[in-house]
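The values are calculated or read from the model by the stated rules, or taken from the named source; none is laboratory data. The shown structure was predicted, so the numbers you read here are calculated from the model rather than taken from an experiment. All Cβ positions, glycine included, derive from the backbone under ideal geometry; neighbour counts span all protein chains shown.
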Amino acid sequence: MSEPSLPYERHSDREGTTVNNQDAVVLALTVVAAIILPGLANWGFSTLGYPWVGSAVWALGYGLGVVFIWYEWVRPLDITGPEGVSRSEDSGE
């Protein structure tokens, strides 16, 4: 028995939405733009005799992809511990 799609909260202009095909398309386009295109550009520039340019394009594309993934999917997550649990000051750390 499959569970119904549950809404998840995002801190943006949109209210609670469900994971749908649009999210899958955005993820696929992000992978293409952040990993595949910079790799192909690196290969192309290296083949043309510009290995430093290829490496710079790869690093910039990959780095911007990581920043975009953090901004779009990781930053909105509420990563906190359970309520009522506190660290002891004398825990030895």
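Restricting attention to region 32-58, report how many residues are without any contact (Cβ under 8 Å) to a residue 12 or more places away in the chain and within 30 Å of Leu77 (Cβ to Cβ).
Let us first name the residues in region 32-58 that are without any contact (Cβ under 8 Å) to a residue 12 or more places away in the chain, namely 32, 36, 40, 43-44, 46-53, 56.
Now restrict to residues that are within 30 Å of Leu77 (Cβ to Cβ): 32, 36.
Residues in region 32-58 being without any contact (Cβ under 8 Å) to a residue 12 or more places away in the chain and within 30 Å of Leu77 (Cβ to Cβ): 2 in total.
Cβ-Cβ below 9 Å, separation at least six or inter-chain, first residue in region 69-83 and within 16 Å of Thr30 (Cα to Cα), second small (Gly, Ala, Ser): which pairs?
Partner pairs satisfying both residue conditions: Ile69/Ala34.
Across region 35-84, which residue is modelled with the highest pLDDT among those that are of a type outside the set (Gly, Ala, Ser), under 23 Å from the mean Cα position of the chain (by Cα) and not in a helix (DSSP H, G or I)?
Selected residue: Arg75.
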